[in-house]
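Heads up: the structure comes next, in structure tokens.
The values are calculated or read from the model by the stated rules, or taken from the named source; none is laboratory data. The structure displayed is predicted, hence computed values, not measured ones. Cβ placement follows ideal geometry from the backbone for every residue including glycine, while neighbour counts extend to all protein chains displayed.
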Amino acid sequence: MRKVIMGNHALSYGAMLARSQVISAYPITPQTQVVELLSEMCADGTLDAQFIKVESEHSAMASCIGASVAGARAFTATSAQGLALMHEMLHWAAGGRHPIVMGNINRAMAPGWSIWTDQNDSLSQRDTGWMQFYCSSNQEVVDTVIQAFKVAETLMIPAMVILDAFALSHTYEVVDVPDQALVDRYLPPFKPSIKLTPADPRAFGGLTGAEHYMELRYKLQKDMEKAPALIEETGREFGKVFGRELGLVDPYLCGDAEFVFVTSGTAGFTARVAVDELRAAGVKAGNLRIKVFRPFPFDRVREVLGKVKKAAVVDRNCSYGAGGIFYQEVKSAVYGRPGMPPLIGYVAGLGGRDITTAQFKEVAADAMAKAKAEEEIVWIGVKK
Amino acid sequence: MSPEAKKEKKFALTLPAEELMACGHLACQGCGATLAMRYMLKALGQKTVLCIPACCWAVIDGPYPYSSLDVPIYHCAFETAASTATGVKAGLEATGDTETTVVAWAGDGGTFDIGIQALSGAAERNDDIIYVCYDNEAYMNTGIQRSSATPYGAWTTTTPVKHFKNRPKKDIVAILAAHRIPYIATASVSHPEDFVKKMKKAKDIRGTRFFHVYAPCPTGWKSRPEDTIKLARMAVQNGYFPLYEIEDGEKTTVNLKLKERKPVEDFLRLQGRFRHLKPAEVAAVQAEVDARWERLMRSCAG
Amino acid sequence: MRPRKAKKIVFKSAEEMPLMICSVGHQTHNLTGAWRNIRPEIDLERCIKCGICWKFCPEPSIDVVDEWPVIDYDYCKGCGICAEECPTKCIAMVEERK
Ligand SMILES: Cc1ncc(C[n+]2csc(CCOP(=O)(O)OP(=O)(O)O)c2C)c(N)n1
Ligand code: SF4
Ligand code: SF4
Ligand SMILES: [Mg+2]
């Protein structure tokens, strides 16, 4: 069914269609509509789930973990300060292998209270062991929530579905809301082989000595390594059922490109417009939007970059003291590989500042003028 | 009694025989917290799930890949006993298990201090869990640091003798009562029959139920392990830790009425953590206990 | 039911470990009797079968066998609670013979 919905409601629809059984969440701008719609769905019976109105995000994640280990499909959503407050529990969810799916609206971190978009909140959770999917349209949000549950429950690793504040969370777009019967066919009920039950009394997560801890984390990494192929496989299957394939990356006109932008989130959409304009002006440009940040799609990134002469990584985030975070990751993907292009890193659009097509063209001009890669990060649109 | 008659005589069991806690666990000798667990499981039976945050019990149960309990446990983050339990309950309900009792089992630090927000949240929502705080009056797991349950006068490693704790213990029961939850009880390991009886009663009530259990800790109190029961009993009998229950945040019932209360001094003197107290300070402890007792009596009368 | 003395568990590889961090064995493999410095000895002549020692043992390492209290020295930690609480003082704490 086609509906005009905001990005936040796309998350709610995804959680509903996935038949989430326990939802536990705490409000924060710009995520509130996600939980408001889910509360309504639970209240009017559209969704048969337990909705826990917790007193903090920390408790939201703790109760999702409890629900998940008891065998229920659990969903939550948050943003920025809320995500940061959950940090301890994010490690818990991944380390304990609880396949929770969470929506996160990318919002800049305070201080300097800001409700506007910026990726530092979710990227600060990079090393918690969660999968991270960055979306660039409301359609992709609904679809990815459904896929994320499938991947998460297969691997027993939690997943974050991430969208930009306002640029997506509050933007209305036409969305083909998948048919429930088809979703049910694609996503079977959650039936974990081990769970918290008196019928099989076990102690979960007890004191773990040095002789065991490392193996448990090794298993997490090994399963994460299986994730890229599984995301592509379930993405193709999604395409067969719903007519829209989901991948690790979204290359736009990269086939014959000599220069590419590497982007993520809604900036990836703006970059496409810039690519079209650059092409009209005779520049063979392309855009590689990275959709899945964890696991990092090393192979897919190399495939595209191996064919171009230069790439500009545009980050809406900054790891202070190092630079753009996607930039760091892309550099590590090409490190030591022959035939890889010089990479230049750009930081733009922090705290909700627009990243315009004009700026993308500015980035292209700057990058193409540079003979080789540079350590220095280029700040776009900043008043120096 | 003739030897024959004695041979015939039954060994008296005043508690349910079922043993859901087994030997081999890692508690110190004479640990009160361990007895508290044993008694609770006798009352609740096997269809029980525990959420245990960081505390001595996170260690006592035994390391991965073992457990000493015959009920499932989720070892959760320090401040999340209540919120994890809430989630477990919701998860069980959502998957069709409406029978299992879900228990959050935390120490005083995990309850009075870092976990109070999650506990207050669960209590305000009246989530269907039993929350048990076993109170050994300090952070024992991390090496005897003060908590807001540490009583006035006590030595801990962060309240050294020269700066012993000079603030009274937080009244956690009053805080929970202010949430108007259906059931609150205090209990002591010296009175297991009373504990089991109240726990069984709580099992059949829906909503948030809170237990405050007095659990002496020889290691942290610098007391002799064999005195664990004696100390707990003295605390009940001198009014230091009265046994009572509160229904719906209103109706208070004292479970063990005391005709006369013994002075607290004997109780203090058996514990190294109070050794430094001067007579005036002992008198201050006594005055505080008396005042608390009077308050309790008034709330029963009212 | 839980084995009286469980086996120690040795994982030879990460693969043998369950995916989730959960127990697969019983802590009864740990014979805590080794912690004991003094041991309780019950004089059954004077025992009145009141059940108090059984009730207050924190391990619990006092079993009821044929209606008599029997201490399981594999696990008794020698805390002395049973001796302290016994109303007839029929439990003596004696130096452990090691
Ligand atoms: C967030 C966090 N902060 C601190 C700790 C360290 N810590 C573990 S247990 C503990 C004290 C527990 O005290 P209490 O709840 O009274 O239980 P007890 O050890 O006395 O049984 C502390 C401070 C932790 N695990 N997590
Ligand atoms: S430190 Fe105290 S509470 Fe902790 S196990 Fe030892 S006796 Fe029990
Ligand atoms: S000495 Fe302690 S551990 Fe041993 S039997 Fe007696 S009460 Fe139990
Ligand atoms: Mg404590």
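It is to be established whether one or more residues within the stretch C:55-74 are more than 30 Å from residue B:191 (Cβ to Cβ), at the interface with another protein chain (Cβ under 7 Å from one of its Cβ atoms) and in contact with a strand residue (DSSP E or B) (Cβ under 6 Å, 6 or more places away or on another chain). Let's see the steps before the verdict.
If we filter the stretch C:55-74 for residues that are more than 30 Å from residue B:191 (Cβ to Cβ), which is where we start, we get none.
So far as the stretch C:55-74 goes, no, none of its residues is more than 30 Å from residue B:191 (Cβ to Cβ), at the interface with another protein chain (Cβ under 7 Å from one of its Cβ atoms) and in contact with a strand residue (DSSP E or B) (Cβ under 6 Å, 6 or more places away or on another chain).
Does the stretch B:58-71 include one or more residues that are farther than 21 Å from residue C:6 by Cα, modelled with pLDDT of 95 or more and more than 8 Å from chain A (Cβ to nearest Cβ)?
As a first pass, look at the stretch B:58-71 and keep what is farther than 21 Å from residue C:6 by Cα: none.
Looking through the stretch B:58-71, none of the residues is farther than 21 Å from residue C:6 by Cα, modelled with pLDDT of 95 or more and more than 8 Å from chain A (Cβ to nearest Cβ).
Can you confirm whether the stretch B:17-33 contains a residue that is assigned to a helix (DSSP H, G or I), buried (at least 16 other Cβ atoms within 10 Å of the Cβ), among the small types (Gly, Ala, Ser) and within 16 Å of ligand 4 (Cβ to nearest atom)?
First pass over the stretch B:17-33, keeping only residues assigned to a helix (DSSP H, G or I): B:32-33.
Keeping just the survivors that are buried (at least 16 other Cβ atoms within 10 Å of the Cβ) gives B:32-33.
Remaining after also requiring among the small types (Gly, Ala, Ser): B:32-33.
Right, trim to within 16 Å of ligand 4 (Cβ to nearest atom) and you get B:32-33.
Yes, because at least one residue in the stretch B:17-33 is assigned to a helix (DSSP H, G or I), buried (at least 16 other Cβ atoms within 10 Å of the Cβ), among the small types (Gly, Ala, Ser) and within 16 Å of ligand 4 (Cβ to nearest atom).
Being more than 16 Å from residue A:166 (Cα to Cα) and touching a residue at least 60 places away in the same chain (Cβ under 8 Å) is the filter here, so list the residues in the stretch A:109-119 that pass it.
Looking only at the stretch A:109-119, we keep the residues that are more than 16 Å from residue A:166 (Cα to Cα), and these are A:110-112.
Within the stretch A:109-119, just A:112 meets the criteria.
Of all the residues in the stretch B:138-172, those that are more than 13 Å from ligand 2 (Cβ to nearest atom) and outside any strand (DSSP E or B) number 22.
Here A:55, A:36 are screened, and the one residue that is acidic (Asp, Glu), closer than 21 Å to residue A:144 by Cα and in the same structural domain as residue A:162 (by TED's automatic domain parsing) is A:36. Sub-8 Å Cβ pairs linking a first residue in the stretch A:165-177 that is of a type in the set (S, T, N, Q) to a second residue that is not in a strand (DSSP E or B), at least 6 apart or interchain, are A:169/A:7; A:169/A:8; A:169/A:30; A:169/A:31; A:169/A:33; A:171/A:7; A:171/A:138, ordered by first then second residue.
The set of residues in the stretch C:16-54 being more than 8 Å from every other protein chain (Cβ to nearest Cβ) and of a type outside the set (A, V, I, L, M) consists of C:16, C:33, C:36, C:37, C:39, C:40, C:41, C:43, C:45, C:46, C:47, C:53. In this entry, residue B:59 passes the filter for residues that are within 16 Å of ligand 4 (Cβ to nearest atom) and either farther than 19 Å from residue B:134 by Cβ or part of a helix (DSSP H, G or I) (or both). Applying the criterion of being within 14 Å of chain C (Cβ to nearest Cβ) and charged (D, E, K, R) to the residues of the stretch B:210-236, the residue that is farthest from ligand 3 (Cβ to nearest atom) is B:233.
As a summary of the residue check, residue B:56 satisfies the conditions (1) within 27 Å of residue A:209 (Cα to Cα); (2) surrounded by fewer than 24 Cβ atoms within 10 Å (Cβ to Cβ); (3) away from ligand 3 (no atom under 16 Å from the Cβ) except for the one numbered (2). Each residue in the stretch B:59-81 was checked for being under 15 Å from residue B:107 (Cα atoms) and within 16 Å of ligand 3 (Cβ to nearest atom), and 1 of them qualify. Filtered by the rule that a residue be β-branched (Val, Ile, Thr) and over 15 Å from the mean Cα position of the chain (by Cα), the stretch B:203-254 gives B:205, B:208, B:219, B:246, B:252, B:253, B:254.
Go through the stretch B:1-16 and give me each residue that's more than 7 Å from every other protein chain (Cβ to nearest Cβ) and surrounded by 11 or more Cβ atoms within 10 Å (Cβ to Cβ). Even if it seems obvious, please write down each step before you answer.
Going residue by residue through the stretch B:1-16, those that are more than 7 Å from every other protein chain (Cβ to nearest Cβ) are B:1-8, B:16.
Of everything in the stretch B:1-16, those that are more than 7 Å from every other protein chain (Cβ to nearest Cβ) and surrounded by 11 or more Cβ atoms within 10 Å (Cβ to Cβ) turn out to be B:6, B:7, B:16.
Out of A:205, A:255, A:209, one residue alone is farther than 30 Å from residue B:55 by Cβ and not basic (Lys, Arg). It is A:255. Here the condition is being assigned by TED's automatic domain parsing to the domain that holds residue A:133, out of contact with any helix residue (DSSP H, G or I) (no Cβ under 7 Å at 6 or more places or on another chain) and either of a type outside the set (S, T, N, Q) or surrounded by fewer than 22 Cβ atoms within 10 Å (Cβ to Cβ) (or both); of A:230, A:216, A:163, A:155, it holds for A:216 alone. Pairs meeting the criteria (first residue in the stretch A:41-60 and more than 9 Å from chain B (Cβ to nearest Cβ) and closer than 13 Å to residue B:79 by Cβ, second residue assigned to a loop (DSSP other than H, G, I, E, B) and of a type in the set (A, V, I, L, M), beta carbons under 7 Å, at least 6 apart or on different chains) are A:57/A:86.
Within the stretch B:79-137, the set of residues being in a helix (DSSP H, G or I), within 8 Å of ligand 1 (Cβ to nearest atom) and facing chain A (nearest Cβ under 9 Å) is empty. Total residues in the stretch A:308-328 satisfying the condition of being touching a helix residue (DSSP H, G or I) at 6+ places or on another chain (Cβ under 9 Å) and more than 23 Å from residue A:362 (Cα to Cα): the figure is 0.
Looking at the structure I just gave you, is residue B:148 small (Gly, Ala, Ser), surrounded by fewer than 20 Cβ atoms within 10 Å (Cβ to Cβ) and more than 16 Å from ligand 3 (Cβ to nearest atom)? Here the answer is yes, as residue B:148 does meet what is asked.
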